[in-house]
Amino acid sequence: MSAQAANAPAALATESATASTATKALLVGAAGLGLTAVGALLGPDKHGVVMSYLVGITYWTAIAIGMLLLILIHHIVDASWSAVIRRQWEHATQAFTWLFVLFLPLLILAWVKPGFIWPWMNEATPLHGGHGTVGTDVLYQKKSGFLNLGMFTGMTLGFFAIWIGLSHLLKKASVAQDSDGDTKWTFTNRKLAAIGLPLTALSLTFAAIYWVKSLEYHWFSTMYGVWFFANCVRGALSISVLIMLWLWTRGDYKGILNTNHLHSIGQLVFAFTVFWAYVTFSQYFLIWNANVPEETFWYNLREVNHDGHTNQWWYVGLVILFGHFFVPFLYLLSYRHKVIHSKVKPIVLWILAIILVDVCYNILPALKDGHGDSLPFFSLNLLWVATSVAGIGGVCAWAYLRSFPTTKLIPIRDPRIVESLTHHE
Amino acid sequence: MAHVEHAASAPAILQEVKPAVLPRAVLVGHGRSFSWITDKICGIIEGKTPAWWWWCFIVACFVASFTVAGLVYLVATGVGVWGHANPVNWAWDIVNFVFWIGIGHAGTLISAILCLLRQKWRTSINRAAEAMTIFAVVCAAIFPVFHVGRIWYAWYLFPIPNSNIIWQNFRSPLEWDVFAVSTYGTVSVLFWYVGLLPDLAVLRDRFYAAGNKFRSFLYGLFALGWRGSNRHWSNYEMAYIILAGISTPLVLSVHTIVSFDFAVSLLPGWHTTIFPPYFVAGAIFSGFGMVLTLMLPLRAVYGLEDLITQYHIDCMCKITLATGTIVGYAYSMEFFIAWYGANPYEGFAFINRAFGHYAWAYWIMITCNVITPQFFWFKSVRNNTALVWVLSIFVNVGMWFERFVIIVTSLARDFLPSSWGYYSPSIVEIFTFFGTFGVFSVLFLLFIRFLPVMPMAELKAVTPQADVHGGHDHH
C-alpha cells in the first residue's frame with residue numbers, strides 16, 4: 001500500500017505524459033487528415049488524393065492486422081517471451097474502430113461516385129485504348145458476381161467487424177485476467193485465436209483483393225493474400241520494436257525488457273524479411289517466366305510506358321528489391337543490430353518506410369494518363385500519401401495512447417509472464 | 001548507445017506480478033533419470049533382436065523386391081512399360097517423386113526450424129524424423145533417375161562437359177531439382193550424422209564395457225573419437241546451429257523448386273503463383289503425417305511413452321492441423337482465382353478436377369487433407385493414439401492424391417480436346433511404387449535396430465534435473 005502511494009506521483013506524471021503525447025498524435029492526425037481533405041476538395045487531381053488516401057488506410061490497416069495476428073499467434077502457440085509485449089499489441093489493435101471510421105469516406109465515395117476509385121464499380125467506366133466500357137468487358141462480366149458494390153460493401157463491413165470484434169474480445173479477456181488471475185481467460189483467448197486465425201487470414205486476403213488487387217481487376221495472382229500477410233506481420237513487428245524502445249526510453253519497460261526480447265523480435269523481423277522476399281520473388285518470377293500478357297501487364301505498367309520507355313515505377317521496383325530485402329537482410333544478420341537500440345531503430349524505420357513504398361507500388365500505378373501509362377511516382381501524390389499516412393497514423397497512435405493508460409503495462413497475471421520477464425536464450 | 005539489460009531496481013509493477021498457475025507439460029514423463037533414458041534407448045540396440053522385427057524385415061524386403069523387379073523390368077524393356085501415353089507423359093513417376101520428397105521435409109524441419117524456434121519438444125522425435133527424411137529422399141530419387149529411360153545416362157543430369165557437347169538445360173526447374181535435392185540430401189545426412197556423434201560414442205563405451213569389442217570398434221569408428229569434452233561439446237553445438245541455419249532455407253527451397261516443376265509451365269492448374277508456399281506447407285503436412293505414422297507404433301512397441309508423451313503427440317497433431325489448414329487455404333485460393341481470373345482454360349481445369357473423370361481422386365484429396373486434420377481440433381481425438389495413427393494414414397494417402405490430382409488431371413485434359421485421355425497406371429508402375437514402401441521400411445527397420453532412435457543427450461537436456469534453475473519458475 002505504502003509502495004503504491006510512493007509510486008502514485010510518478011504514475012500520475014507518466015499518465016499525464018501519455019495523455020499529452022496522445023493529444024499531440026491526435027493533432028498530427030487531424031492536421032494530416034485536414035490537409036488531405038483540402039487536397040481532395042480543392043486540389044487539381046482529386047483522384048490522386050483519394051488513391052493516396054487508400055495507400056494510407058491500407059498501410060495502417062495492414063499494420064493493425066499484423067498486430068492482431070501476433071496476438072492470435074501468441075495465444076495459439078502458448079508463447080512465453082512475447083507476453084510482456086502482448087499488452088501493447090492489444091492496445092494498438094484498438095485502432096481498428098477508428099480505421100473503420102476512416103475507411104467510411106472511401107465507402108461513401110464508392111456509393112456516391114462509383115468507379116472513381118475502383119473502376120469496376122461503374123459499368124460505364126471506359127476501358128483504356130477504346131475497348132468499350134467495364135460493363136461490356138467480358139472479363140468483368142465473368143467476375144461481376146464478386147466485383148460489385150454490394151459485395152464490396154458487405155465484405156468490407158465484415159472484415160472490420162471481424163477485426164474489431166476479435167481485438168476487443170482478446171483485450172477484454174486479457175485485462176480480465178489482470179484482476180482475477182483466472183486461467184480460464186487464457187483458454188478463452190486460446191479458443192478465440194483458434195477461430196480468429198482462419199477468419200483473419202481469409203479477411204486479410206479478401207481485403208487485399210478488394211481494396212488493392214481489384215484496382216486492376218483484369219489481373220490475378222493466387223499469392224496476393226500471402227504477400228499482404230507478409231507485409232502485415234513485418235510492419236507490425238517493426239512498430240512493436242519502436243513501441244518497445246519508446247517504453248524503454250520513458251522508463252516503463254526498465255526492469256521488464258531485456259536484450260533477449262529485442263533479439264527474439266529482431267529474429268522475427270529477419271524471418272519475415274526473408275518470407276516477404278520469398279513470396280514476392282515467387283510471384284514475380286512465375287509471372288515473368290510464363291510471360292502471359294494477361295498477367296505480365298500488371299508488372300509492365302510498373303516498368304515501361306506505351307512507347308517502350310522505362311518509367312519511374314521500374315526504379316521504385318528496384319528500390320523495393322534492394323530496400324525491402326537486401327538491406328534489412330544483410331543488416332539484421334548481425335546480433336548487435338538486433339539488440340542495440342541505436343542500431344535496431346533505423347532499420348525498423350527503414351522497413352516501415354519501404355513497406356509504404358511497396359503499398360504505393362501496388363496502388364498508385366492504377367492512376368493512369370490518357371495513354372494508359374501509370375502516372376509517375378514522383379508527383380504531387382507523394383504529398384497526399386504523406387498527409388494521409390500522417391493523418392491516419394496520428395489517429396492510430398492516438399487510439400493506442402488512449403487505450404494505453406487504461407490497463408496494466410504488462411499482463412501481470414498471465415501464466416507465462418514470469419517466463420517472459422526472465423526470457424533468455 | 002543503449003543496450004537493454006535488467007535494471008538494478010525493479011519497477012513497481014513487478015511487485016504486482018502474480019501469474020496464474022498453468023504448468024507447462026513435462027517433456028520426459030515420470031521424472032525419468034539420465035541413466036534410465038540411456039538404458040532405455042541403448043536397450044533397443046543392445047537387446048536381442050525381437051521376433052516382430054524379423055517378421056517386419058522379411059515382409060519389408062519382400063515388398064522392396066517389387067521395386068527392384070519393376071526397375072529391372074523397366075531398364076531391360078524400356079520406359080514404355082510405364083502407363084504413360086499422350087497427353088499424360090508424366091504421371092506416377094513424378095507423383096511418387098514429389099510424394100516422397102514431401103515426406104522428407106519433416107525431418108529437417110523438426111531438426112532445423114524447430115531448433116531455431118527453440119521448440120524443445122522436438123528432441124524426442126527429431127532423430128527418427130531425420131532418418132525418415134534420408135530414406136524418403138532415397139525413395140524419391142528412384143523415380144526421376146529411372147524416368148530418364150536409359151539409366152546409364154543419368155549422369156547427364158550433372159553439368160559435366162563431355163565429348164558429345166550435351167549441355168544441361170539450366171532454365172529447366174527439373175535441372176534445379178537435381179541440385180536442390182542432392183544438396184538437401186547431403187546436408188540432411190550431415191545433420192543427422194553430426195547429431196548422432198555423442199550417442200554413437202555412448203554405444204561404443206557401453207559395448208566396450210559389455211565386452212563386445214567388435215561392435216565397440218564399429219560404433220567407435222563412426223563416433224570419430226568423441227570424448228564428450230567441453231571442447232567437443234562446444235564445437236558440436238556450434239556445428240549443429242550452423243547446420244540448422246543452412247538447412248532451414250534448404251528445406252524451403254527444395255519443395256519450392258519442386259513446385260516450380262509445374263508452376264513455370266503454362267498448363268492450366270499448374271501455372272499459379274501460390275505454388276511455392278503451398279507446396280512447402282503440403283510437404284510439412286505430409287512429413288508430419290508420416291512422423292506420426294512411424295513414431296506411434298514405435299512408441300507402443302518399445303514402451304517409449306515417457307519419452308514421446310501425450311504433449312509430443314499434441315504438438316505434432318497441431319502442426320498437422322495448421323499445415324493442413326494452410327493447404328486448404330491454398331486449394332480454396334486456387335479455385336477462387338481460377339474463377340476470378342476468368343480464363344476459361346484455368347476455370348475448366350478446376351471444374352474438371354472437382355467434377356470430371358478424376359473427381360474421385362479430387363474428393364479423396366479434399367477429404368484426407370482438409371477435413372481429416374480438422375479432427376485434431378479436439379483433445380479427445382488427440383488423446384486417442386490409435387485414432388491419431390489412423391488419421392495420419394489418411395494424411396499420407398491424401399498427400400499422394402494431391403500430387404496425382406495436380407499432375408494427372410491437368411495433363412489428361414489439356415488445351416486440345418482431341419488429344420484428351422485418361423491415364424491409368426500400368427502394373428509395373430503400381431509394383432514399383434508399392435515396393436518403395438518396402439525400401440523405406442527396410443531402411444527404417446535397420447535404423448531402429450542399429451542406431452539410437454532418439455538423441456539421448458538432447459533428451460536429458462530437457463529434463464527437470466538438467467534445468468540450471470532446478471525446475472522452479474525462475475528461468
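General remarks:
- Restricted to region A:138-178, and to residues there that are touching a residue at least 60 places away in the same chain (Cβ under 8 Å) and within 11 Å of chain B (Cβ to nearest Cβ), the residue that is surrounded by the most Cβ atoms within 10 Å (Cβ to Cβ) is A:Gln177.
- Qualifying residue in region A:351-372 (condition: touching a Phe, Trp or Tyr at 6+ places or on another chain (Cβ under 9 Å), modelled with pLDDT of 95 or more and assigned to a loop (DSSP other than H, G, I, E, B)): no
- Residue within region A:263-272 that is free of Cβ contacts under 8 Å to residues at least 40 places away in the same chain and farther than 18 Å from A:Tyr331 by Cα present: no
- Tally of residues being in a helix (DSSP H, G or I) and either buried (at least 21 other Cβ atoms within 10 Å of the Cβ) or touching a strand residue (DSSP E or B) at 6+ places or on another chain (Cβ under 7 Å) (or both) across region A:216-256: 19
- Of residues in region A:196-215 being more than 10 Å from chain B (Cβ to nearest Cβ) and of a type in the set (A, V, I, L, M, F, W, C), the one surrounded by the fewest Cβ atoms within 10 Å (Cβ to Cβ): A:Leu199
- Total residues in region A:287-298, condition on the phi < 0 side of the Ramachandran plot, within 12 Å of chain B (Cβ to nearest Cβ) and either of a type in the set (Ser, Thr, Tyr) or not in a helix (DSSP H, G or I) (or both): 1
- For A:Ser264, the criteria (1) under 21 Å from A:Val359 (Cβ atoms); (2) among the hydroxyl-bearing types (Ser, Thr, Tyr); (3) out of contact with any Pro (no Cβ under 7 Å at 6 or more places or on another chain) hold in every case but one, which is (1).
- Residue match in region B:35-42 (condition: part of a helix (DSSP H, G or I), closer than 30 Å to B:Phe434 by Cα, of a type in the set (Val, Ile, Thr) and more than 14 Å from chain A (Cβ to nearest Cβ)): no
- Scope region A:87-110; condition of a type outside the set (Gly, Ala, Ser) and farther than 21 Å from A:Ala22 by Cβ; matching residues: A:Phe103, A:Leu104, A:Pro105, A:Leu106, A:Leu107, A:Ile108, A:Leu109
- Candidates in region B:246-270 are the residues that are in contact with a Leu (Cβ under 7 Å, 6 or more places away or on another chain) and not hydrophobic (A, V, I, L, M, F, W, C); of these, the one that is farthest from the other protein chains (Cβ to nearest Cβ) is B:Asp261.
- Any chance A:Gly323 is away from chain B (no Cβ under 12 Å), out of contact with any Phe, Trp or Tyr (no Cβ under 6 Å at 6 or more places or on another chain) and not in a helix (DSSP H, G or I): no
- Qualifying positions in region A:117-137 - away from every other protein chain (no Cβ under 14 Å) and in contact with a Ser or Thr (Cβ under 9 Å, 6 or more places away or on another chain): A:Trp118, A:Pro119, A:Asn122, A:Glu123, A:Ala124, A:Thr125, A:Pro126, A:Leu127, A:Thr133, A:Gly135
- Residues located in region B:265-277, provided they are under 15 Å from B:Val98 (Cβ atoms), in contact (Cβ under 8 Å) with a residue 40 or more places away in the chain and surrounded by fewer than 24 Cβ atoms within 10 Å (Cβ to Cβ): B:Trp270
- Members of region A:290-306 found to be free of Cβ contacts under 8 Å to residues at least 40 places away in the same chain and either charged (D, E, K, R) or more than 23 Å from A:Leu139 (Cβ to Cβ) (or both), listed by number: A:Glu303
- Screening A:Gln141, A:Gln88 for residues that are assigned to a helix (DSSP H, G or I) and within 19 Å of the chain's Cα centre (by Cα) leaves exactly one candidate, A:Gln88.
- Filtered residues of region B:182-222 (kept if closer than 18 Å to B:Arg449 by Cβ, in contact with a helix residue (DSSP H, G or I) (Cβ under 8 Å, 6 or more places away or on another chain), surrounded by 14 or more Cβ atoms within 10 Å (Cβ to Cβ) and not aromatic (Phe, Trp, Tyr)): B:Leu196, B:Asp199, B:Leu200, B:Val202, B:Leu203, B:Arg204, B:Arg206, B:Arg215, B:Ser216
- A:Asn311, sole failed condition from (1) in contact (Cβ under 8 Å) with a residue 12 or more places away in the chain; (2) surrounded by fewer than 19 Cβ atoms within 10 Å (Cβ to Cβ); (3) more than 9 Å from every other protein chain (Cβ to nearest Cβ): (2)
- Selection within region A:67-107 - touching a His at 6+ places or on another chain (Cβ under 9 Å), farther than 26 Å from B:Arg118 by Cβ and surrounded by 24 or more Cβ atoms within 10 Å (Cβ to Cβ): A:Thr93, A:Phe96
- Residue tally, condition part of a helix (DSSP H, G or I), within 14 Å of chain A (Cβ to nearest Cβ) and free of Cβ contacts under 8 Å to residues at least 24 places away in the same chain, over region B:339-374: 5
- Unmet requirement for B:Ala85, which otherwise passes all of (1) surrounded by fewer than 15 Cβ atoms within 10 Å (Cβ to Cβ); (2) hydrophobic (A, V, I, L, M, F, W, C); (3) under 29 Å from B:Ala244 (Cβ atoms): (3)
- Scope region B:17-26; condition aliphatic (A, V, I, L, M) and within 14 Å of chain A (Cβ to nearest Cβ); matching residues: B:Val17, B:Ala20, B:Val21, B:Leu22, B:Ala25
- Scope region B:398-415; condition part of a helix (DSSP H, G or I) and farther than 16 Å from B:Phe285 by Cα; matching residues: B:Phe404, B:Val405, B:Ile406, B:Ile407, B:Val408, B:Thr409, B:Ser410, B:Leu411, B:Ala412
- Across region A:337-357, the qualifying residues are those that are surrounded by fewer than 20 Cβ atoms within 10 Å (Cβ to Cβ) and within 11 Å of another protein chain (Cβ to nearest Cβ), and the one among them that is nearest to the chain's Cα centre (by Cα) is A:Lys345.
- Taking each residue of region A:394-419 that is within 14 Å of chain B (Cβ to nearest Cβ) and assigned to a helix (DSSP H, G or I) and looking for partners that are surrounded by fewer than 23 Cβ atoms within 10 Å (Cβ to Cβ) and of a type in the set (Asp, Glu) with beta-carbon atoms closer than 6 Å, six or more apart or interchain, yields A:Pro405/A:Glu15; A:Val418/B:Asp473.
- Test result for A:Phe229, in contact with a Gly (Cβ under 7 Å, 6 or more places away or on another chain), among the hydrophobic types (A, V, I, L, M, F, W, C) and within 11 Å of chain B (Cβ to nearest Cβ): no
- The residue that is surrounded by the most Cβ atoms within 10 Å (Cβ to Cβ), among those in region A:358-376 that are more than 12 Å from A:Arg302 (Cβ to Cβ) and free of Cβ contacts under 8 Å to residues at least 60 places away in the same chain, is A:Asp369.
The values are calculated or read from the model by the stated rules, or taken from the named source; none is laboratory data. Since the structure is predicted, the reported quantities are computational estimates derived from the model, not experimental observations. Every residue, glycine as well, gets a Cβ built from its backbone with ideal geometry; the counts of neighbours run over all protein chains shown.
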